[in-house]
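Written out below as structure tokens is the structure these notes cover.
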Amino acid sequence: MLIEVYTDGACIHSGEAGGYAAALYVDGTLIDATYGGMQGTTNNQMELMGIIAGLKLIPLVPRIACKNCGVTSFVPTGGVVGEPTFKTTDLYGCDVAEWSPHPCMSYSKWVTQVPLYSDPLIISDSQYCIKGATSWLEMWKTNGWKTKAKQPVKNQDLWQEIDWLKKSRQPQFGWVKGHSGVAGNEKADQLASAAAQLSYYGSSLPWEEKVLC
């Protein structure tokens, strides 16, 4: 299964308004999309907001994680997140089962959130976003959110949210040339541009909405 999330950002009138968008494709079919915007922003900020929106489009599902064997694929029988109902069969496949008649039952367990899709790919036409997410981010964190030149990282709050979302969604990142005829990129660009226009002529408050697919 091929999971692709195309993202984009746009600014108009020298940053008076901007928009961002993300579109989720499963095996080439658009299944979910969102867009949003605000006034008084920058193109890089909108590109980053597109990445954040794209990461949030990747759904998470609850799984039981065994602290003993590390497996996170066990499905709760019932209950709500934080208060699951366990059965021995929920933990079938735990490594403890090789030597214990009651796999994991005497070990601590907790409910975690894992991506519904494995190996999702976030695709952007922004080199700033892709290089930041795949290379610079870890260096910034090691340096206390300072650049190589010992300057504060710009848009630190957005990068920190991306870093947090990466941990749960476990994505890969890829670059695509803008306006090159790639359907997902064209869709994200169309939505981001529309969002920028809506922000310019509409409310001054930040907004975000789902798009009917």
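Below are the figures for this structure:
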item: Protection proxy ranking of 15-21, 187-193, 131-137 - average other beta-carbon atoms within 10 Å, highest first; result: 15-21, 187-193, 131-137
item: Amide proton proximity set for residue 147, modelled H, under 5 Å, gap of 5+; result: 153
item: J(HN,Hα) series, region 152-168, from Karplus relation 6.51 cos²θ - 1.76 cosθ + 1.60, nearest Hz, glycine and proline x; result: x, 5, 6, 6, 4, 4, 6, 5, 5, 5, 4, 4, 5, 5, 4, 5, 8
item: Cα-Cα over 31 Å, subset of 146/210; 148/210; 166/187; 131/187; 150/187; 177/210; result: 146/210; 148/210; 150/187
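We did not get these values from a lab; they are worked out from the coordinates using the rules stated. No experiment lies behind these values; they were computed from the predicted model shown. Methodologically, a virtual Cβ is constructed for each residue, glycine included, from the backbone with ideal geometry; neighbour enumeration extends over all protein chains shown.
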